[in-house]
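Since every read-out is calculated from the coordinates, none of them should be taken as a lab result. Values in this document were obtained by computation on a predicted structure and should not be read as measured data. Cβ sites come from the backbone with ideal geometry, for glycine too, and all protein chains shown count toward neighbours.
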Amino acid sequence: MSSDARVLTTDDLRVGLRAEFERAVTAEDVLAFAENSGDRNPLHVDAEYAGATRFQGRIAHGAFQVGLASALVGMHLPGRNVLLGSVQARFIAPLYFPCLVLVSGELIAWDREASGGTVKVVVQDAERRVPTAEIFLGFTMHEQRDETTHSARAEEVEFGGAEGKPLVIVTGGSGGIGAALIEHLTAQYRVLALVHRNPLAQRIAGHPDVRELRVDLAAADWSREVETVLGNAAPTAYGVVHAAWPGMPRGGLLDAPDETVEHQVRFGTVYTVHLARLLFNHVGPAGGRFIVLGSTAGTRQPNLSVAAYSLGKATLESTIRLLAPELARRRIAANAICPGALPVGMNKHQNERWQAMQAARVPLGRLCEPVDVTALVCFLLSPEAGYLSGQTIELTGGQL
């Protein structure tokens, strides 16, 4: 989740506005909350005790989930200019950890004259798709932003900078790798950053060669919004870097909900094909580049503990191999980059012990870093990589 709060004003707010974010909840998070709050009830902190109860395991504090709701209001909807005034909560189901949670909110009441309203927040176990809390937060707005402040709405942002720069579309722009890619690419390219739940960090969104567009790749009409931007911003697009991915649900395939498996596979197949079509229709006569970010947990080393994720990433590699000959008709080179474990994105909450264990398996003695990925992306975008296509390039540090 970005450290930069969204900025909405009283003029921006209306009933029906929505926002959401995902984050991992680790044992360290819950234990730290217990220590800071003083609520060390054994149901939350003692695995042996909790396992003997009817819950059969440790669960997160209800107040911890209220904190997640507070983060949505304070960082996303309405964001920076909000002051929390009241909280009403009910806890529908236990939240077991470690887990991935989806925190979604909707503005259900808004009084512009009083400058106050209510956001309904639902906390959901993203992997089991089970709602665990429903929380209503009353708020007031404590200040107006200056008119020169950067708008959080993508439709108000225009491209600036050097018009001669090629345009590259980056999905997952607000993620750890996506953000690193955008910062690296702006030296040579203009970037259309596609984001879904979280906005771009302010330092990126304010760059004259970056435009942010909020789309859902699972929606039927997302490409129309991109088509509009491409028509206004440039006659052609040079490349697509597909860095978005819908989390890493834990567990095997037998116990995974059908929709979880389907969503992972569609990201590796259908949504990737849609992006390829978009580039195919907008690339210039000199050709372009189509790059996707896979994982060594795909074809190379499938992981049973995250089986749906591994399956989705494996299908991504096959999709690229099959797309490459077709994209070649428009001189588009298509490749997949498959890095090993990265200490950002879905792994950013992993502790030092986990990072040290992962690094110990790598002959080069360290984890793959974002700079390793961005450097390879820049090479694949370069003229020198024009004949390299249909390949899966693994970043393993020499690991067999």
Open item on the list: Rounded, prolate or oblate for the range 220-261? Axes are the square roots of the Cα gyration tensor eigenvalues, ordered a ≥ b ≥ c, and the cut-off for rounded is a/c under 1.5.
Closed with: prolate
Open item on the list: Across the range 18-141, what fraction of all alpha-carbon pairs, as a whole percent, falls in each successive 10 Å bin from zero upward?
Closed with: 14, 42, 30, 11, 2, 0
- [ ] Starting from the eigenvalues of the Cα gyration tensor, five times each then square-rooted, give me the equivalent ellipsoid semi-axes of the range 275-400, largest first, whole Å.
- [x] 29, 16, 12
- [ ] Go ahead and set up a Gaussian network model of the chain, Cα springs under 10 Å, then flag whichever of ALA375, ALA27, ALA220 fluctuates most.
- [x] ALA220
Open item on the list: Pairs of alpha-carbon atoms within less than 8 angstrom and 6+ residues apart define the contacts here; what relative contact order does the chain have, in percent?
Closed with: 12 percent
- [ ] Take the chain, connect every pair of alpha-carbon atoms lying under 10 Å apart with a spring to form a Gaussian network, then pick out the residue of ARG112, ARG128, ARG80 with the largest mean-square fluctuation.
- [x] ARG112
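What net charge do the residues around ASP4 carry, taking every other residue with its C-beta under 10 Å from that of ASP4, with Lys and Arg at +1 and Asp and Glu at -1?
The answer is +3.
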TODO: Would you calculate, for the chain, the mean residue ellipticity at 222 nm contributed by helices, counting each DSSP H stretch of 4 or more residues as -39,500 (n - 2.57) and dividing by all residues, to the nearest 500?
DONE: -9500 deg cm²/dmol
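Could you compute the net charge surrounding ARG330? Neighbours are other residues with a C-beta less than 13 Å from the C-beta of ARG330; K and R count +1, D and E count -1. If you can, show how the numbers build up before the last one.
On the way: positive: ARG277, ARG289, ARG329, ARG331; negative: GLU326.
Every neighbour counted, the sum reads +3.
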Open item on the list: At 7 Å along Cα-to-Cβ for each site, give me the label-to-label distance between ALA47 and ALA93 in nm.
Closed with: 2.3 nm
Open item on the list: I'd like the distance separating the alpha-carbon centroids of the range 175-216 and the range 268-339, in whole Å.
Closed with: 20 Å
Open item on the list: If I stretch the segment between ALA201 and CYS378 completely, what's the gain in nm (0.36 nm per residue apart, minus their alpha carbon distance), one decimal?
Closed with: 61.6 nm
- [ ] Using a cut-off of 10 Å between beta-carbons, work out the net charge of the residues near ALA205 (Lys and Arg +1, Asp and Glu -1, ALA205 not included).
- [x] 0
TODO: Given the options ASP255, ASP12, ASP216, state which has the largest fluctuation in a GNM of the chain using a 10 Å cut-off (strictly under) for Cα springs.
DONE: ASP255
Task: Residues THR260, THR186 arranged by fewest to most Cβ contacts within 10 Å - done: THR186, THR260
Open item on the list: Computed from the coordinates I sent, mean projected area of the Cα convex hull in nm² equals one of (1) 38.6; (2) 18.1; (3) 20.8. Tell me the label.
Closed with: (3)
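So for each of 380-393, 87-100 I average, over its residues, the number of other beta carbons within 10 Å; can you give me the resulting order with the highest mean first? Display every interim value, and only then the final one.
Working: 380-393: 15.1, 87-100: 16.9.
Sorting 380-393, 87-100 by mean packing, highest first, produces 87-100, 380-393.
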Task: In nm, spacing of pseudo-spin labels at ASP39 and ALA220 (7 Å Cα→C-beta vector) - done: 4.3 nm
